[in-house]
Amino acid sequence: MPPDLLQFSDRQVPRYTSYPTAVQFVDDVGGLTYAQWLSELAADTLVSIYLHVPFCTELCLYCGCHTTVVHKYTPVAAYADLLEHEISLVGGHLGSRRRVVHIHWGGGTPTILLPRDFARVMDALRRAFSVASDCEIAIEIDPRTLTAEAVFALKDAGVTRASVGVQDFEPRVQRAVGRVQSFEQTARAVDWLHDAGIFNVNLDLMYGLPYQTAETVAATARRSLALQPNRIALFGYAHVPWMKRHQKLLPEAALPGAIERFAQSQAAAAVLQQADFQPIGLDHFARPDDLLARRQGEKRLHRNFQGYTTDDAAALIGLGTSAIGTMPQGYVQNASSTVAYRNAIQSGNLATVRGRTLTDEDRLRRDIIEQLMCNLEVDLAGTAAARKRSLDDFATELSKIDVLAQHGLVHRHDGTITVAEDARLLLRTICAVFDAYLSNQEARYSRAV
């Protein structure tokens with residue numbers, strides 16, 4: 001990394017899976033507001049659904065998710081009951097069965113659910129919603145606890161895509177982060193998925209972990225290619241011990257610095273691109289024939305709380321603890337505490353505890369940031385004009401963009417801003433120029449690279 005770019009890579013900025021980001025959510029958007037927003041949703045609005053399962057059998061020390069370690073199944077089964085109840089509550093507020101085009105199961109470890117409980121929650125979704133015949137149903141998988149029986153149950157329930165957690169195949173790194181997972185375990189999980197007829201497989205890799213080097217990260221990328229995935233996510237580890245206290249257990253002295261993190265990311269990206277994987281946005285890669293790559297070429301890619309997606313539904317309904325939803329009116333988030341979530345649902349109330357009502361200014365800036373994150377380009381003049389605004393309204397931001405241009409990070413031609421290909425990793429920093437809320441809250445985010 002050129003030394004003059006360190007000032008941009010070391011900034012603490014959001015990942016921009018939403019705008020405004022969750023840091024700006026407030027508690028005056030609650031269950032009553034969400035109920036009203038659901039009732040106002042037009043009958044022909046396409047819907048996607050996210051379900052959060054906040055349980056794991058052990059805690060990975062790098063984890064930034066809302067999850068809890070459980071050693072018995074009783075609370076997991078009880079949680080499936082709550083999901084069924086919440087689905088019914090949401091369906092009641094909607095008033096009619098809306099068409100669902102995308103379902104994503106995340107966590108935690110959603111495959112911790114026994115096949116019978118996973119199936120009954122999926123059945124509850126199909127009772128409350130009209131699930132499209134071509135609906136993509138995706139699930140995040142931990143190969144260490146997966147069984148062949150569970151994989152075939154996923155297929156029977158309609159799952160069409162699986163994201164397999166890998167992070168790194170280097171044993172020393174795995175021991176440091178508390179996730180020991182052999183290549184053979186991962187390969188077995190992928191084989192089971194293929195045997196069951198689930199051929200859309202993503203692998204999740206990570207750089208920036210303790211003891212990683214550019215060489216070891218590249219080696220993991222090469223071994224991952226042998227599993228023949230359709231997509232690979234290459235996430236930078238977000239070290240936020242002030243938010244996730246268990247991250248303090250990591251050997252902090254072994255964490256790579258900004259220059260080494262940049263080198264790790266570039267080394268893995270080179271391996272993937274040499275194998276004909278196309279870079280997607282900030283941190284994803286896909287085969288040229290994969291829908292993600294095709295949508296990027298068509299400039300129809302989107303970004304939400306699950307990352308880059310082909311999902312273009314106008315509403316995202318979040319189910320389960322901490323789940324975030326997106327409605328035309330704004331964002332909503334459920335209680336992160338399982339106890340608070342349970343108490344709300346069992347009382348017949350929605351579990352929404354915070355959110356954000358969108359303003360016209362928010363929508364404009366969200367459009368700008370999403371286009372940059374997805375397309376590495378934005379027609380700022382055209383995007384502003386579509387909302388009856390002009391480039392003059394962005395004079396301050398454009399002066400900052402011109403500074404980035406002097407360093408070769410972006411190119412500006414009239415009203416169009418294009419991110420330089422070799423500045424892809426600094427997308428978050430570039431997007432932060434258009435973030436009206438960021439100025440005094442940088443300490444609450446992870447580093448840009």
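Before moving on, here are some points about what is shown:
- Theoretical gain in end-to-end length, LYS72 to SER182 [0.36 nm per residue, Cα-Cα removed]: 37.1 nm
- Accessible surface of segment 282-327 [probe 1.4 Å, protein heavy atoms]: carbon and sulfur percent: 44
- Within segment 279-310, backbone nitrogen closer than 19 Å to the virtual label 7 Å beyond the Cα of ALA132 toward Cβ: 290-310
- Each label point was placed 7 Å from the Cα along the Cα-to-Cβ direction; for ALA43 and ARG144 their separation is 5.0 nm.
- Net charge dipole, segment 84-128: roughly 260 debye, given to the nearest 20, about the Cα centre with Cβ charges of +1 for Lys and Arg and -1 for Asp and Glu.
- Pair ARG116, TYR437: separation of 7 Å Cα→Cβ label points (nm): 4.4
- Local net charge near GLU84, Cβ-Cβ under 14 Å (Lys/Arg +1, Asp/Glu -1): +1
- Set of aspartates and glutamates with alpha-carbon distance to LYS155 below 15 Å, sequence-local pairs under 8 removed: ASP117, ASP123, ASP134, GLU136, GLU140, ASP191, ASP195
- Of all accessible heavy-atom area on segment 11-92, the percent that carbon and sulfur account for (1.4 Å): 55
- ASP402/SER96 FRET efficiency (R0 41 Å; Cβ-Cβ; nearest 0.05): 0.20
- Residues SER390 and GLN346, FRET efficiency given R0 of 51 Å [Cβ-Cβ distance, rounded to 0.05]: 0.50
- Across the accessible surface of segment 120-167, with the other protein chains kept in place and a 1.4 Å probe, carbon and sulfur atoms take up 48 percent.
- Result for the chain in a Gaussian network model with C-alpha springs under 10 Å: among ALA335, ALA386, ALA43, the largest mean-square fluctuation is at ALA386.
- Rolling a 1.4 Å probe over the heavy atoms of the protein chains gives the chain an accessible area of 41 Å² per residue.
- Using a Gaussian network model of the chain in which every pair of alpha carbons under 10 angstrom is joined by a spring, one finds that among ALA226, ALA405, ALA254 the greatest mean-square fluctuation is at ALA226.
- Charged-residue dipole, Cβ positions (Lys, Arg, Asp, Glu), segment 268-377 about Cα centre, Debye nearest 20: 380
- Selection among PHE8, VAL90, VAL100 by position relative to the dipole of segment 1-107 gives VAL100 as farthest towards the positive end (Cβ unit charges, Cα centre).
- The amide H of ILE139, built 1.01 Å from its N in the peptide plane, has TRP105, ARG161, ALA162, SER163 as neighbours under 5 Å, considering only residues 5 or more places off or on other chains.
- Each Cα pair under 8 Å and six or more residues apart adds its separation to the average, and for the chain the resulting relative contact order is 22 percent.
- Dipole magnitude for the chain: about 720 debye, using +1 per Lys or Arg Cβ and -1 per Asp or Glu Cβ, origin at the Cα centre.
- Trypsin sites (Lys or Arg not before Pro) restricted to DSSP loop in segment 46-135 with at most 15 other C-beta within 10 Å: LYS72, ARG97
- FRET efficiency, 1/(1 + (r/R0)^6) with R0 35 Å, evaluated for ASP10 and GLU215 via beta carbons: 0.90
The values are calculated or read from the model by the stated rules, or taken from the named source; none is laboratory data. Just so it is clear, the structure is predicted and the values come from calculations on it, not from any experiment. Here Cβ is always computed from backbone atoms with ideal geometry, including for glycine, and neighbour counts include all displayed protein chains. Surface areas here come from the heavy atoms of the whole protein model, side chains and all, with no ligands, DNA or RNA. Shrake-Rupley method; radii C 1.70, N 1.55, O 1.52, S 1.80 Å.
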